[in-house]
Structure formats: C-alpha cells, structure tokens
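Written out below as structure tokens is the structure these notes cover.
The values are calculated or read from the model by the stated rules, or taken from the named source; none is laboratory data. Bear in mind the structure is a predicted one, so any value in this text is a computation, not a measurement. So basically every Cβ, Gly included, is an ideal-geometry build from the backbone, and we count neighbours across all protein chains shown.
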Amino acid sequence: MAGSMLSFPRGFLWGTASAGYQVEGGNTTSDWTDWENEPGRIEAGQKSGRACDWWAGERWKEDFDKAAADGHRTHRLSVEWSRIEPEPGTWDMDALDHYRRMIVGLRDRGMEPMVTLHHFVNPRWVTERQAWESPAIVPLFEAYTRKVVSALKDHVTIWCTINEPNVFMLQGWVGGIFPPGKKKLGLAMEVARNILRAHAACYRAIHDMQPDAQVGLPVHFRPITAARPRALDRWAARKQFETFSTVFPDAIRTGRIRGIFGSTAVPEAKGTMDWFGLNYYTADVVTFDLRKPGELFGSRAFPPGAEVDEAGVYASYPQGLAWSLEWARRTLGLPIYITENGFGDNADTMRPRYILSHLREVWRHIQAGGDVRGYYHWSLIDNFEWERAWTHRFGLYAMDIESLVRTPRKSARLFAEICKADGISAETVSRYAPELMEGFFEDKA
C-alpha cells in the first residue's frame with residue numbers, strides 16, 4: 001500500500017529508556033553490588049562490571065550521539081541514590097555533577113531528559129536498615145529527592161519518582177529475586193504502603209521546588225485475563241491483576257491500597273500523579289490452580305499464538321498494549337507516557353515486528369482521542385538485565401561486553417526511520433517486516 005503513513009502528533013517524544021545501575025558500571029555502594037556477589041543470584045554468575053561504561057568512561061556521550069543522530073527527541077535515565085548519598089547524610093557532589101553533565105548533554109543534543117529518582121537500587125545502608133519496611137523511608141527519600149532536584153531542576157521538567165513500584169515490591173519481598181530477597185507477602189503489603197508514602201513525599205517535594213514540573217509514576221502494567229470463561233479463572237485473574245498491575249495507580253487514584261487481606265488508607269498518596277507511566281511488555285492468561293497459593297491460585301501462560309522471546313520471559317501481544325492504554329484512559333484520565341516497551345531478542349529477528357505492531361496500537365489509541373505524549377523504547381543499548389544479566393538483550397544497539405563496541409541492530413535503523421518521519425510508512429513496514437503489510441494500514445482513512 002504505497003504512500004500509506006501512520007502519522008503521530010507534532011511534538012511527540014520519541015526516545016529510549018535506561019537505568020543507572022544497568023548502564024553505568026563500577027557501582028560499589030549499592031545493595032545490588034552485594035546482591036551480585038551472592039552465589040546463585042545472577043544468571044550464569046555474570047556481573048555488571050563496567051556495564052556500558054557510562055560512569056568511569058563517560059561513554060554516555062557516544063550513545064547520546066547515536067540517539068540524536070537517529071532522530072530521538074528524548075531519553076529517560078535514572079540517577080543512583082547509592083552514588084549521591086553513599087553514606088547517611090553524606091552527599092557526593094561529584095556524582096551530582098556527573099548527572100548534571102549527562103542531562104546537559106541530552107539538552108545539547110536536542111533531547112528532552114526524563115529523570116527517574118529510584119530504579120530498583122538502594123544505597124547499601126538503606127537496605128541494611130530495612131528502611132522500606134517502615135515509614136522511616138519517607139524522610140530519607142524526601143531528603144534525597146530535594147538534593148537531586150535542587151541540583152538538576154534547571155535542566156529537567158519531567159520526573160519519575162519510583163520506577164515499577166509493583167516489581168520492586170514483589171520481586172524484593174514476595175519472589176525474593178531482588179534485594180532484600182524476602183518471601184513475605186504480609187510484609188510486602190507494608191512495603192507497598194511505604195513506597196506510596198515515599199512517592200507522595202517525593203511528588204510534593206518536587207512541586208514545592210519546581211511548581212511547573214510534571215511528575216509521574218512508571219508502572220509495569222500487565223493485562224491478566226481468564227484463560228476460560230469460568231468463575232474461578234476470572235477470580236484468579238482479577239486477583240493477580242489487581243495485586244500486580246493496578247495496586248499502585250489505583251491507590252493514587254483513590255487514596256486506598258487494596259491488598260488480598262483488605263484495604264488500607266494512604267490518603268497522602270491520593271492525586272500525586274501528573275501523568276501515568278506505562279511500562280508494557282507482555283500479557284498473561286490465567287487458569288485457576290489450587291496448587292499455586294503463592295500465586296493467588298492462578299497458573300499463568302502467555303496468550304495463545306503470541307510470539308515468545310528467546311528467554312521465555314515476554315511474549316509479543318500488541319493487543320495487550322491497546323487494552324492497557326484504554327484502561328489508563330478510562331480509569332485514570334491522565335496524560336500517558338509509554339515509559340518502557342521492548343523485547344528481549346538477541347538475534348533481532350522478532351524485535352522489528354514487535355516495535356511496529358505495538359506502535360500501531362499506540363497510533364490507534366491516539367486516533368481515538370487518547371493523550372499519549374511519548375514512547376520510550378527499552379532500551380537504547382544492551383545492558384545488565386538484573387537477575388538475567390547479559391543473557392537477555394533489549395538494545396537497539398548490540399554491545400560486546402568485553403570490548404564495549406556498540407553495533408546498530410536492524411531495529412535501530414527501523415526506529416530511526418520512525419522517529420525522523422514522525423510515523424510509520426508503508427515503505428518502512430515493507431522494508432523491515434513485510435509479513436505485517438497485509439492489513440497494517442487498514443485503519444488509515
């Protein structure tokens with residue numbers, strides 16, 4: 001269908017996302033530093049090491065150059081609390097200067113920075129104090145927030161408070177996959193309350209110091225639906241969905257956090273979100289299963305027919321992104337940034353289809369009146385993927401972990417074409433994923 005084009009709004013923010021610990025390298029003062037060194041925690045015993053060398057080698061410069069040359073208009077990055085406050089009350093001004101240089105570097109290249117204050121990683125002393133398990137975390141996190149915002153506010157207007165609080169809470173205090181490695185569901189609900197209190201304090205601190213700031217919360221949002229039209233399947237799917245996907249945005253909407261043991265008021269959290277950050281990767285279907293009480297009696301699988309990534313972690317299901325966007329519009333009524341969306345695909349054979357089919361759903365949502373303001377692909381470059389380390393690759397650019405040489409994948413060229421055109425053309429689809437051509441533009445007037 002020559003000449004067809006899915007055009008995005010003028011000023012739409014195209015870019016990628018990253019996280020400090022995953023790309024910086026050489027972090028010695030965090031809980032993840034210690035976690036990596038515990039046997040059995042990380043796939044194949046791999047280490048983050050130099051990561052992508054954004055700290056000592058400042059190779060963020062060449063990566064930002066690549067992003068700018070590819071037409072990216074924004075980049076989402078995180079600052080590391082463990083670098084900025086390595087000991088209680090001790091502030092590392094050199095670290096803040098490093099982050100300032102990075103953010104000014106984005107501005108100099110014509111890219112809008114989006115800054116995340118917490119992306120899974122804590123200073124060692126915070127975890128040693130078990131601070132997230134008590135309200136003591138609130139003044140600590142607020143003090144850190146104020147220090148960062150005072151240093152960076154001249155260059156940043158879009159802030160994220162706590163990345164994927166649902167993943168941070170469930171992986172750390174239910175699954176035991178992240179620090180502190182506990183498996184206590186009751187305690188996890190208390191951690192959730194403290195995350196919300198800390199988020200609320202952070203939100204208000206930012207607005208106190210920078211009234212025109214836009215502050216949001218990126219949530220890992222996963223549609224979870226019943227595998228069969230049976231009451232028990234629907235019950236298990238609803239419980240898993242509410243516990244994983246909606247617990248935090250719903251609490252910010254209502255001022256109450258709903259858990260499986262009841263609900264608790266968190267009034268200070270109500271209304272503390274200027275925009276909703278949607279981190280979408282995949283979806284699940286659930287079958288009721290009495291043998292899985294730890295998973296709320298639900299056995300999960302990917303939707304039938306969905307293309308699964310090499311690690312078996314995510315499946316490509318663009319309908320789930322459409323459903324998630326509609327949930328956010330209907331339930332929250334806030335502007336949306338897609339703060340993460342990507343596919344682990346070392347060979348880069350499936351990723352082009354994933355990008356195109358998911359962006360098609362974003363375009364459809366905007367055409368229907370949805371307020372989506374930006375799309376951040378995960379990620380710009382292969383990075384240290386937490387417990388999966390270097391075995392699961394999400395980068396538009398491949399990176400050799402020994403030489404640190406960056407090589408553009410086909411998907412980097414695809415995304416560059418989309419960014420520069422402000423949309424998806426028939427020529428682009430036919431070049432990168434011709435198998436999608438049939439029906440791809442059928443909604444185009």
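Out of curiosity, is Arg129 at pLDDT 95 or above and over 27 Å from Gly176 (Cα atoms)? In short, no. On inspection, Asp233 passes the criterion of being at pLDDT 95 or above, part of a helix (DSSP H, G or I), buried (at least 18 other Cβ atoms within 10 Å of the Cβ) and acidic (Asp, Glu). Within the stretch 267-305, the set of residues being under 30 Å from His207 (Cα atoms) and polar (S, T, N, Q) comprises Thr272, Asn279. For the stretch 360-374, the criterion of a residue being crowded, with 24+ Cβ neighbours inside 10 Å, in a loop (DSSP other than H, G, I, E, B) and touching a strand residue (DSSP E or B) at 6+ places or on another chain (Cβ under 9 Å) is satisfied by no position. Applying the condition of being at pLDDT below 95, among the hydrophobic types (A, V, I, L, M, F, W, C) and surrounded by 16 or more Cβ atoms within 10 Å (Cβ to Cβ) to the stretch 286-303 and asking which residue is nearest to Arg373 (Cα to Cα) yields Leu296.
Without any contact (Cβ under 8 Å) to a residue 24 or more places away in the chain and under 23 Å from the mean Cα position of the chain (by Cα): is that true of Glu43 in this structure? For Glu43, the condition - without any contact (Cβ under 8 Å) to a residue 24 or more places away in the chain and under 23 Å from the mean Cα position of the chain (by Cα) - is not met. Applying the criterion of being over 19 Å from the mean Cα position of the chain (by Cα) and closer than 17 Å to Arg329 by Cα to the residues of the stretch 252-285, the residue that is surrounded by the fewest Cβ atoms within 10 Å (Cβ to Cβ) is Gly271.
Of the listed requirements (1) touching a Pro at 6+ places or on another chain (Cβ under 9 Å); (2) farther than 13 Å from Glu85 by Cβ; (3) crowded, with 21+ Cβ neighbours inside 10 Å, His155 misses just one: (3).
The combined condition, being basic (Lys, Arg) and part of a strand (DSSP E or B), is not fulfilled by Arg100. Within the stretch 398-419, residues that are within 25 Å of Arg50 (Cα to Cα) have Cβ atoms under 9 Å from residues that are assigned to a helix (DSSP H, G or I) and modelled with pLDDT under 95 in no pair, counting only partners at least 6 apart in sequence or on another chain.
Residues being assigned to a loop (DSSP other than H, G, I, E, B) and touching a Lys or Arg at 6+ places or on another chain (Cβ under 6 Å) are represented in the stretch 209-223 by at least one member. Taking the criterion of being in contact with a strand residue (DSSP E or B) (Cβ under 8 Å, 6 or more places away or on another chain) and either of a type in the set (Ser, Thr, Tyr) or surrounded by fewer than 15 Cβ atoms within 10 Å (Cβ to Cβ) (or both), the residues of the stretch 12-60 that qualify are Thr16, Ser18, Tyr21, Thr29, Ser30.
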